[in-house]
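Down below is the structure, laid out as structure tokens.
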Amino acid sequence: MSYFELSEEHYSVQVAAREFAQKELLPGVIERDNSQNFPTEQIKKLGSLGFLGMMVSPRYGGSGLDTISYVLAMEEISKIEAAVGVVMSVNNSLVCWGLEQFGDEAQKEKYLIPLAQGTCIGAFCLSEPEAGSDATAQKTTAIDCGDYYLLNGTKNWISNGHSATYYLVMAQSDSSKGHKGINAFIVEKNMPGFVIGKKEDKMGIRSSDTHSLMFQDVKVPKSNRIGAEGFGFTFAMQTLNGGRLGIAAQALGIASGALEYSLNYAKERKAFGKTLQEHQSIQFKLAEMATKIEAARLLTLKAAQLKDTHKDYTQASAMAKLFASEIAMEVTIEAVQIHGGYGYVKDYHVERMMRDAKITQIYEGTSEIQKMIIARQLLK
Ligand code: CAA
């Protein structure tokens, strides 16, 4: 597969994820894309198999696996249903990882254990109507009132917005300090004043639920602040470095799934008296798709390996996310082209994959933001 030496454990995680995706996700994926129904039962099973807290220590209910195992599993799940991939990625990288790294013992006992065991899921709430790419421009406020903070504001485009039980919410406590005035909080779904807003009707990843959220005088106990006063923006950025790795793997899965469908189709479909695979124009497309996918896989595994060996992976994860999401778009467009008219209808999966690919260039930092991060690292 690559120059990365994968262990027996890595292969068994990959196989387990592939089998789960084939058995549990493939049968209903088209229907869920149409209906936008959240895969509640499938996510429960994914949790019971340990895929929602993959990198969390067993001490806190997790599987204790490395980041390479995580990206391998993310690729397999996203090959079949990218919408399940995002639920899994947000819970693993943005919620569980952030809590294990930066939460205190009481927060880990109360929140991380059920999240890692997958008996509930979490959401990561940074984006706002006027703070997407410009994440420091937080308008949601968290006023220090002694024992608690008073939260007011609106978050937008929140993945797992309705299905989550616990929400990691970034909010501004002292605007005179800019991003150093931002805090991160654990908010529970049933806290008074927390309102779940409209569900978005999305182009892709349609079975995942994306909502706006409103906070109206929500009292959040001080013990639910993550880290020291003013740590919230650093928390969000460091957590997103790992999140971007998950999205790189999701994009990789969408692309490699589209290639598999295209290879199968090229072997069966005949045109001008021979199968598509015998036409050089199709062979060249397949060759280019496979080469781009392999390059994206290497970048993703490299970033995962840097993270596992505790090296700086900020630039590597931005490169992996940038490249994998760009090629996911290119590869899925080619997959539709290879399938011709069949590619433009829902039964053949690739049109959904083309729609799903688009979000990977947008969330957890657009391609333009990834370029900013890479350039800043280069010019440091
Ligand atoms: N890793 C660690 N630290 C980082 C960082 C990174 N990737 N990026 C920025 N920082 C730190 C900087 O070092 C700086 O720290 P100091 O003040 O201590 O030096 C601080 O953050 C502010 O950084 P900048 O001065 O570079 O701030 P900026 O405003 O010029 O740029 C940005 C910041 C990188 C553009 C940031 O706003 C950003 O990443 N924007 C994209 C936001 C994003 O990814 N949103 C995704 C939403 S979540 C989501 O999509 C989840 C989902 O549901 C699927």
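Here is a check on your reading of the model: is Met88 in contact with a Ser or Thr (Cβ under 6 Å, 6 or more places away or on another chain), closer than 29 Å to Ile362 by Cβ and not charged (D, E, K, R)?
Details: in contact with a Ser or Thr (Cβ under 6 Å, 6 or more places away or on another chain): no; closer than 29 Å to Ile362 by Cβ: yes; not charged (D, E, K, R): yes.
So Met88 does not fit the description; no.
Only one of these is over 26 Å from Asp201 (Cα atoms) and within 18 Å of the chain's Cα centre (by Cα): Ser63, Ser78, Ser48, Ser69. Name it. Give the steps one after another, and end with the answer.
Values: Ser63 fails: within 18 Å of the chain's Cα centre (by Cα); Ser78 fails: over 26 Å from Asp201 (Cα atoms); Ser48 fails: within 18 Å of the chain's Cα centre (by Cα).
Result: Ser69 is the single residue among Ser63, Ser78, Ser48, Ser69 that is over 26 Å from Asp201 (Cα atoms) and within 18 Å of the chain's Cα centre (by Cα).
Considering region 369-380 alone, what residues qualify as being loosely packed, with under 12 Cβ neighbours inside 10 Å and within 19 Å of the chain's Cα centre (by Cα)? Steps first, please.
Residues of region 369-380 that are loosely packed, with under 12 Cβ neighbours inside 10 Å, as a first pass: 378-380.
Within region 369-380, none qualify.
Among the residues of region 213-223, are any within 16 Å of the ligand (Cβ to nearest atom), within 24 Å of Asn92 (Cα to Cα) and out of contact with any Lys or Arg (no Cβ under 6 Å at 6 or more places or on another chain)?
Taking every residue of region 213-223 in turn, none turns out to be within 16 Å of the ligand (Cβ to nearest atom), within 24 Å of Asn92 (Cα to Cα) and out of contact with any Lys or Arg (no Cβ under 6 Å at 6 or more places or on another chain).
Residues that are surrounded by fewer than 23 Cβ atoms within 10 Å (Cβ to Cβ) and away from the ligand (no atom under 16 Å from the Cβ), at least 3 per element: which helices (runs of 4 or more DSSP H) completely within region 58-165 meet that? Quick ask: steps written out before the conclusion?
Values: elements: 67-80, 82-89, 97-102, 113-117.
Counting at least 3 such residues, we get 113-117.
Would you please list the contacts, defined by Cβ atoms under 6 Å and residues six or more apart or on different chains, that run from a residue in region 277-301 that is without any contact (Cβ under 8 Å) to a residue 24 or more places away in the chain to a residue that is surrounded by fewer than 16 Cβ atoms within 10 Å (Cβ to Cβ) and assigned to a helix (DSSP H, G or I)?
Taking only residues 6 or more apart or on different chains, the pairs are Gln277/Lys267.
For Met170, only one of the following conditions fails: (1) surrounded by 15 or more Cβ atoms within 10 Å (Cβ to Cβ); (2) free of Cβ contacts under 8 Å to residues at least 60 places away in the same chain; (3) closer than 18 Å to Glu128 by Cβ. What is its number?
(2)
Tally time: how many residues in region 173-192 are assigned to a strand (DSSP E or B) and over 22 Å from Tyr363 (Cβ atoms)?
Filtering region 173-192 for residues assigned to a strand (DSSP E or B) gives 182-188.
Keeping just the survivors that are over 22 Å from Tyr363 (Cβ atoms) gives 183, 188.
Qualifying residue count, region 173-192: 2.
Could you list, in sequence order, the residues of region 170-211 that are within 12 Å of the ligand (Cβ to nearest atom) and over 21 Å from Ala357 (Cα atoms)?
Within region 170-211, Met170, Lys177, Gly178, His179, Lys180, Gly181, Ile182 qualify.
Restricting attention to region 1-43, which residues are in contact (Cβ under 8 Å) with a residue 40 or more places away in the chain, over 20 Å from Thr67 (Cα atoms) and of a type in the set (Asp, Glu)?
Asp33
Could you grab the pairs with beta carbons closer than 6 Å, sequence gap of 6+ or different chains, first residue in region 229-250 and closer than 14 Å to Lys302 by Cα, second one within 6 Å of the ligand (Cβ to nearest atom) and of a type in the set (Phe, Trp, Tyr)?
If the second residue must be within 6 Å of the ligand (Cβ to nearest atom) and of a type in the set (Phe, Trp, Tyr), no pairs are left.
Quick note: the coordinates plus some simple rules give every number you see, no bench work behind them. Quick caveat, the model's predicted, so the values are computed rather than measured. With ideal geometry, Cβ positions are generated from the backbone for all residues, glycine too; neighbour counts draw on all protein chains shown.
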